[in-house]
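Presented below is the structure to which this report refers.
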Amino acid sequence: MGIVLPLELPPKSRILIAGAGGGFDVICGLPIAIELEAAGHHIEYANYSFTNLTNVINGHWHNERLLEITSESYLKVGDYFPEKLLALWYKEKRKSERSIYCFAHGGVQPTLASYRYLVERLNIDTVICVDGGVDGLFRGDECDLGTPSMDSISVVSAALCNVDRKFYCITAFGIEGAEGNVSHGLALRRISELVREGGFFGVGSVIKETPVGQEFLGAVNYIYNYLPSHRQSVIVSSIVAAIQGTFGRTVVHPKTENYPPWLSPLTQLIWYFDAVKVAQLKLFYQDILESVEVGEVAEAIEKVRSRYGVKEFEKIPI
């Protein structure tokens, strides 16, 4: 049991760390990976990618929605490719060639097929699905869902994997409330429901003075050196600022100048849950199991909101 991951895993576990639904979600999982690798576990990476994967050169397609990339991969058009930068960091800073598996946009069926393929191919026994933000916890009738479709696809796919351990975790608490639409009170309500159902496993933290914290901060700095400021991640930049002790409304990115996120010690925490219970909490769970495209999931969510109505914004009364 470590500082970042408050869970006991069998020795030499084979773990897939998968970003849930944003280009940098896989980077949010890097502190977990660093701690687990130091403890002797084997780590593989996947990410529900925001890169236009059809523009990737030197990648290997395992199926029509699963692309394996390495530090030698590059884009023929565009400059947004965080998965490649993670692989490059491993090569240059850790002297290790790593593959990153990129999920192209799709619904539950193709994404689940890719998860299952990786589980079998890489002999995975543990899946950790990592999400920057709280919206993946929402069940569908909250006042504002953030960006729910891709996170929901990822957590449901992770939940349906045939492995011994399936975790879903969130980080960067507080970031999505910058515009005052996403209710973190409702997010805490969802967490309380998971606590009641036995689906909450604890909280880890990234501390800057630790070896994990130092290596994570160095990795983000390395990756950012390859990116213009507008291509850097609001979520990761917020986590980094919180790790360094920043508090309150803070401009962490050009996109946040009008609506700075609220940072606190909560922002650097990583909250761990049972992926199956998070998936089954969703009111649209059954409706998206056969989805092939993202649009089908978005439609299912809207139908649920029409059927059940939408809850009022819930403030945290402290």
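The values are calculated or read from the model by the stated rules, or taken from the named source; none is laboratory data. Note that this is a predicted model, so its numbers are computed, not measured. No Cβ is skipped: glycine too gets one built from the backbone with ideal geometry, and neighbour counts run over all protein chains shown. Side chains are part of the model used for accessible areas, which takes the heavy atoms of the whole protein and leaves out ligands, DNA and RNA. Shrake-Rupley method; radii C 1.70, N 1.55, O 1.52, S 1.80 Å.
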Exclusive hit being farther than 28 Å from Glu209 by Cα and open to solvent by 40 Å² or more (accessible area, probe 1.4 Å), set Glu72, Glu97, Glu92: Glu72
Residue selected from region 121-144 under the condition free of Cβ contacts under 8 Å to residues at least 60 places away in the same chain and outside any loop (DSSP other than H, G, I, E, B), by the criterion most open to solvent (accessible area, probe 1.4 Å): Arg121
Residues of region 159-174 satisfying the condition of being outside any loop (DSSP other than H, G, I, E, B) and within 13 Å of the chain's Cα centre (by Cα): Phe167, Tyr168, Cys169, Ile170, Thr171
Residue count, region 185-222 (criterion: assigned to a loop (DSSP other than H, G, I, E, B) and either open to solvent by 30 Å² or more (accessible area, probe 1.4 Å) or among the hydroxyl-bearing types (Ser, Thr, Tyr) (or both)): 6
Given (1) within 19 Å of the chain's Cα centre (by Cα); (2) open to solvent by less than 70 Å² (accessible area, probe 1.4 Å), index of the condition Ala300 fails: (1)
Where Pro31 falls short, out of the listed (1) over 15 Å from the mean Cα position of the chain (by Cα); (2) outside any strand (DSSP E or B): (1)
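For (1) open to solvent by 40 Å² or more (accessible area, probe 1.4 Å); (2) over 20 Å from the mean Cα position of the chain (by Cα); (3) farther than 24 Å from Glu83 by Cβ; (4) not aromatic (Phe, Trp, Tyr), each residue gets a yes or a no:
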{"site": "Arg231", "(1), (2), (3), (4)": "yes, no, no, yes"}
{"site": "Ser237", "(1), (2), (3), (4)": "no, no, no, yes"}
{"site": "Gly245", "(1), (2), (3), (4)": "yes, yes, yes, yes"}
{"site": "Val251", "(1), (2), (3), (4)": "yes, yes, yes, yes"}
{"site": "Ile270", "(1), (2), (3), (4)": "no, no, no, yes"}
{"site": "Asp274", "(1), (2), (3), (4)": "no, no, yes, yes"}
{"site": "Gln286", "(1), (2), (3), (4)": "yes, yes, yes, yes"}
Odd one out for Ser306, checked against (1) more than 22 Å from the chain's Cα centre (by Cα); (2) assigned to a loop (DSSP other than H, G, I, E, B): (2)
Selection from region 52-68 of residues that are in contact with an Asp or Glu (Cβ under 7 Å, 6 or more places away or on another chain) and either open to solvent by 50 Å² or more (accessible area, probe 1.4 Å) or within 30 Å of Ser205 (Cα to Cα) (or both): Asn58, His60
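One line per residue, one yes/no per condition, for (1) open to solvent by 10 Å² or more (accessible area, probe 1.4 Å); (2) part of a helix (DSSP H, G or I); (3) modelled with pLDDT of 95 or more; (4) among the hydroxyl-bearing types (Ser, Thr, Tyr):
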residue	(1), (2), (3), (4)
Tyr80	yes, no, no, yes
Glu83	no, yes, yes, no
Leu88	yes, yes, yes, no
His105	yes, no, yes, no
Gln109	yes, yes, yes, no
Ser157	no, yes, yes, yes
